[in-house]
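**Student:** Supplied in structure tokens, the structure appears directly below.
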Amino acid sequence: AALFLSTELPDIPPLAETTKLLDRAGNEVAELHAGVDRVLIPFTQMPLSLRRAVVAVEDADFYRHDGLDLGSVARASWANVTSGSMSQGGSTITQQYVKNVLTGPERSIARKVREAILAVKLEHTSSKREILEGYLNTVYFGHGAYGIQAAARTYFDRDAKDLSVLQAATLAGLIAAPSARDPFEHPQVAHRYRNFVLDRMVEVGSIG
């Protein structure tokens, strides 16, 4: 309790974005970015099918918990104790967002505790919509693409708002392991996890 009360929720820092070069008429002629390709987009440009796909596969109880899924934490903790590693996270979308923008990916108990505290505090100061929007603008999809807009352009050469259900499911399936499920390098694996996401969406009632 003392640790929770003494931990302050910092402001979300500005995110690096891709620079667009325009001609005199305002037409885009080039994009410039280093290792981070990111274009921030509002929640309204993130299609419902995409949001549902990500929630179904990453955190099915996202709209019911307060930042922590205690069942997942318990299962992950037991797996870590029995394996002697920090290989299991049990993280909610809120925790993943906190890791992406505040705590970093260090694998340690101290970082996980701080992440959990900040996730709960973030849930008390931000709406689910704001958290999901932030998460989908920061999560890594592979090939230098951070955020759903860059991922949609990278893999399907279209804006996120124009993604089909199958394309949205493919991208949702990448989040846990972008390299191993890369549609360019491992199309069969990507296809398998796309179908897994679709099955999860049916299980949680996101699609019929």
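**Student:** Kindly rank 3-10, 182-189, 130-137 from highest to lowest mean number of other beta carbons found within 10 Å of each residue.
**Tutor:** Per-residue mean Cβ counts within 10 Å order the peptides as 130-137, 182-189, 3-10.
**Student:** Which of the aspartates and glutamates could a cross-linker span from LYS99 if the Cα-Cα distance has to be under 13 Å and same-chain partners fewer than 8 positions apart are dropped?
**Tutor:** In chain and number order, the partners are GLU115.
**Student:** If you roll a 1.4 angstrom probe over the protein chains with everything in place, what fraction of the accessible area of the stretch 81-187 belongs to carbon and sulfur, to the nearest %?
**Tutor:** The nonpolar share, carbon plus sulfur, comes to 50 percent.
**Student:** I need the phi-derived Karplus couplings for the stretch 125-130: 6.51 cos²θ - 1.76 cosθ + 1.60, θ = phi - 60°, integer Hz, Gly and Pro marked x.
**Tutor:** Karplus-based 3J(HN,Hα) across the stretch 125-130 equals 10, 10, 7, 4, 4, 5 Hz.
The values are calculated or read from the model by the stated rules, or taken from the named source; none is laboratory data. For clarity, every value in this text was computed on a predicted model and none was experimentally measured. Cβ sites come from the backbone with ideal geometry, for glycine too, and all protein chains shown count toward neighbours. Side chains are part of the model used for accessible areas, which takes the heavy atoms of the whole protein and leaves out ligands, DNA and RNA. Shrake-Rupley method; radii C 1.70, N 1.55, O 1.52, S 1.80 Å.
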